[in-house]
Amino acid sequence: MDVKPYLYFLLFAVVFFPAEAKAEDEITFYQINELLGIELLADDLLWDDTPKSVAKRLRWRPESKTSNQSSFRHYSQADYEILGSQAYSSVLYGRDGKPSQVSIVFINRGDVEALLKRIDDDDKEDANFYDLLEDAVEEEGEAMTAKLTDFFGDPSKARFGKGGDLKEKVTRWDWNGHAFLLSIQEEQYLGLRIVSSEFADSRGTLEEVSDREMKEYLLSKVVRRENGDVLISDMPMVNQGPKGYCVPATCERFLRYFGIPADMYMLARVGNTGFGGGTTMGAITNQLESIARSNSRRFEYEDVDMEAKDIAKYIDQGIPLMWRVYAENQIYMEEINKRTKERRDVADWTQWKEKLDKVRTRLEDARRGRYQSGHHMCMIIGYNKETGEIASPLQ
């Protein structure tokens, strides 16, 4: 009987185990700084530093300071890398004298120019912004996920943000009371947030404040001057950068004034902000109402006459108004800037009112018959009944 030759193989199984998480005591803050490529940490805990000292290490400029909040932002003009990728907008938020959040945006729908800098010149001519954005977010998001996983171990899936569509699916890594949240939002942006583990557990929600406490807080922000000015103080500032983000930036200021954590990039996403700017007002208004309810607050959309006497009932309670205004005519902006500068040296307010009456007549004549375009979002924080002026904070 013929014996047929056979090949005998030794079979063995190859099992791939998930990356083993490093023990927290095996990771030093020096290594985390090296991973990020910035000097974020001075020791094992960020949250007991002062925002100013952290910003000084990072060399991020002051953006805003109120009695209980602060922010420091860096818009990179040249290569500025975090996690090995160019970071476009980096901001440190502070609350009650301590850091509360670090938010870094690498790629964003609104920053078209920044996106194009990442593209080879040969590909720019026929570039489709949606495809470029989607590819860039996916490619760099995967690279960052791999880098963070290799360093910290396997992540968990989580959600961050509260209210309406503000909730985001994020990938989360934890170390010594710090949560690193990578947000990969298709056709929108790629960002990294660093928050306390406790803040991440609450999905970015602070402790509730009673209605009585909030009313007292708002009333304490109303300032009355001898010349008749009534103003709301302590309004946070947000630098929207070189893009049409007046709506998301104003909404962030509005929410943070009421003690609700907010980020203009998350707000731009739910407001369907387009490339370079331009936000759907209906979409973002609905989201604000939902965000407010999730934080035990209530915001209303009202049709208010833009007269000092009508605005007074809100400002007197410490409640600012968001106002959509037409600002396409350069003469208006020039006149506003000029009048604001002159106002600082006014001694005779009766004479000043007479001058304003003439200016209003001239501007009304210039506006008559013109098509109104160029929507801009402003915030009203004050009024003067005698002069008929309303006040808006600097953008």
- Extending each Cα 7 Å along its Cβ direction at R344 and E34, get the distance between those two points in nm, one decimal. 5.0
- Query: Under a straight-distance cross-link criterion of Cα-Cα below 17 Å, which lysines are reachable from K98, leaving out those fewer than 8 residues away in the same chain?
  - Reply: K52, K56, K65
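So if R0 is 45 Å, what FRET efficiency would K65 and E134 give, r being the distance between their Cβ atoms, rounded to the nearest 0.05? Provide the component values of the computation, followed by the final result.
On the way: r = 38 Å, r/R0 = 0.84.
The value I calculate is 0.75.
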- Message: Largest first, please: the extent of the C-alpha atoms of region 169-212 along each principal axis, to the nearest Å.
- Response: 41, 29, 12
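Quick one: if the Förster radius is 22 Å, what FRET efficiency do K167 and T285 give, using the C-beta to C-beta distance and rounding to 0.05?
0.75
At 0.36 nm per residue, and after removing the present C-alpha to C-alpha distance, how many nm does the segment from K157 to Q86 gain when stretched out fully? Write down the numbers at each step before the final one.
Working: separation 71, 0.36 × 71 = 25.56 nm, distance 2.47 nm.
Extending this stretch completely gives an extra 23.1 nm.
Quick note: the coordinates plus some simple rules give every number you see, no bench work behind them. Small disclaimer: the values here were computed from a predicted structure and weren't measured. Quick reminder, even Gly has a Cβ in these numbers, built from the backbone with ideal geometry, and neighbours come from all protein chains shown.
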